[in-house]
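Remarks on the structure that follows.
FYI, it's all coordinate maths here, none of it is from the lab. The structure displayed is predicted, hence computed values, not measured ones. Don't worry about glycine lacking a Cβ; one is built from the backbone with ideal geometry, like all the others, and counts go over all protein chains shown.
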Amino acid sequence: MTDFLPFLYKNYIKPYLDTCPTEGYEMPLAIMEGDLDPVQLTHYARAVEFLSTRAFLLGLRTGAGLSRQLT
């Protein structure tokens, strides 16, 4: 599964995140992207990838657990 996560992030999660409204988060996001040097920006992007894929897996597990409770 972990080999699939980078593909999933690049092709599905990241494009979704790029289309999400950022209302209320414009300033923190601008500060993060504007104040980081290129190396830190790379690390930031990797951290976002890691947390996004783990949140996706949590959603899968939660959904699977809830489906058993709802039937």
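Figures for the structure shown
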read-out	value
Residue range of the chain that is longest and free of chymotrypsin sites (Phe, Trp or Tyr not before Pro) which are both DSSP loop and sparsely packed (at most 11 other C-beta within 10 Å)	26-71
Among THR42, THR53, THR19: highest mean-square fluctuation, GNM of the chain, C-alpha pairs under 10 Å	THR19
Filtered GluC sites (Glu not before Pro), segment 6-67: DSSP coil and at most 16 other beta carbons within 10 Å	GLU23
Cα-based Rg and Dmax for the chain, where Dmax is the largest Cα-Cα distance (Å)	15.2, 51
Förster radius 35 Å - calculated FRET efficiency between LEU66 and LEU41 (Cβ-Cβ, nearest 0.05)	0.45
Residue-averaged 222 nm ellipticity for the chain, from DSSP H runs of 4+ at -39500 (n - 2.57), nearest 500	-24000 deg cm²/dmol
Debye, to nearest 20: dipole size of the chain, +1 on Lys, Arg Cβ, -1 on Asp, Glu Cβ	560
